[in-house]
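Worksheet: one structure, shown below.
The values are calculated or read from the model by the stated rules, or taken from the named source; none is laboratory data. Everything quoted here is computed from the prediction, not taken from an experiment. Every residue, glycine as well, gets a Cβ built from its backbone with ideal geometry; the counts of neighbours run over all protein chains shown. Surface accessibility is based on the protein's heavy atoms, side chains included, excluding ligands, DNA and RNA. Shrake-Rupley method; radii C 1.70, N 1.55, O 1.52, S 1.80 Å.
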Amino acid sequence: MGMDLRIWSAPDQLKILAGSYPLSSLLDERYREMRTIYSALRDRGFSIISWSQSRPAGPLDIAVRELRELLSNHHEHTGNGVILIGHSRGGLVGRKYLEGHPEGMRVLITIASPHHGTTLARWSAYLSPLASLGRSLVAGSDSEFGRAVKRIAGFLQSEGLKEMLPDSSLIASFGNQRPEGVRCVSMGGTSPDLIRVGGISLLEAFSKVLPDRAAPEELRPGLGDGLVSAASAVLPFAHRHVDFPLNHVSLLFDGKAKEELLAEIEAFYP
């Protein structure tokens, strides 16, 4: 959706889809304060690092290499161990990093991460021809709309999205062995009410017009957050998993969700 490190540190300044829409367009009034756990941990004196991946729609291993380099260059912040907190695909980046570099790791927290993939990635195969057409139609355009279409088309045809398929080689490559000495927590959402137009939840409405067997869990109330199913958000070796009646984005801003995460971290770092 075109997000970067500001999703954590300055969400009120972030615009999604090539800078076309403010992030607040995905949030209802309850979350307009727009403060994530990043701010809460900073206020408590933790050293916080976030980064924008150079290829957010590229292969996951590139992001893992970036994370390794980032942490190796910031030893002054990691003397008491490392807490990795990842949202969505970022949780998979943290999980894959942990598999190869458990030393120094203390806590892994994943929020709405598709540990078992997301069936919505399959829809990219159906939408890809339309994306190619859209990209060709705006090829010479530098307008806001043109940039948004190009970014969406690039995402739908990206390797990063293909890796999110439940039967992808990436999902199959993850181990289920809990690293010794690392506290692991996962969180999921059960409200697909992610995108609204005129008071109508588009994703929920879409799931209702599909036959019951065809409606993906990601879009069904009580089963998904609009992009990831609650079942897929469960980290297999988590010490604890908790679901909230929230969508994929509001999980970052909800007060109760943040309280849960803070309690987990402060129990480890009293």
> Ignoring ligands, DNA and RNA, what accessible area per residue does the stretch 1-113 give at 1.4 Å, in Å²?
Replying inline: 48
> Tell me, what HN-Hα J-couplings in whole Hz come from the Karplus equation 6.51 cos²θ - 1.76 cosθ + 1.60 at θ = phi - 60° for each residue of the stretch 77-92, using x for Gly and Pro?
Replying inline: 9, 10, x, 9, x, 10, 10, 9, 10, x, 9, 6, 4, x, x, 6
>> Shape verdict for the stretch 1-125, please, from the Cα gyration tensor: rounded (a/c under 1.5), prolate (a/b greater than b/c) or oblate.
In response: oblate
>> I'd like the GluC sites (Glu not before Pro) in the stretch 14-68 restricted to DSSP loop residues with at most 13 other Cβ atoms within 10 Å, sorted by number.
In response: Glu33
> Which loop-located chymotrypsin sites (Phe, Trp or Tyr not before Pro) does the stretch 20-104 contain, where loop means any DSSP state but H, G, I, E or B and the Cβ has at most 13 other Cβ atoms within 10 Å?
Replying inline: Trp51
>> Please list, ordered by chain and number, the residues whose modelled amide H lies under 5 Å from the amide H of Tyr21; skip anything fewer than 5 residues away on the same chain.
In response: Ile16
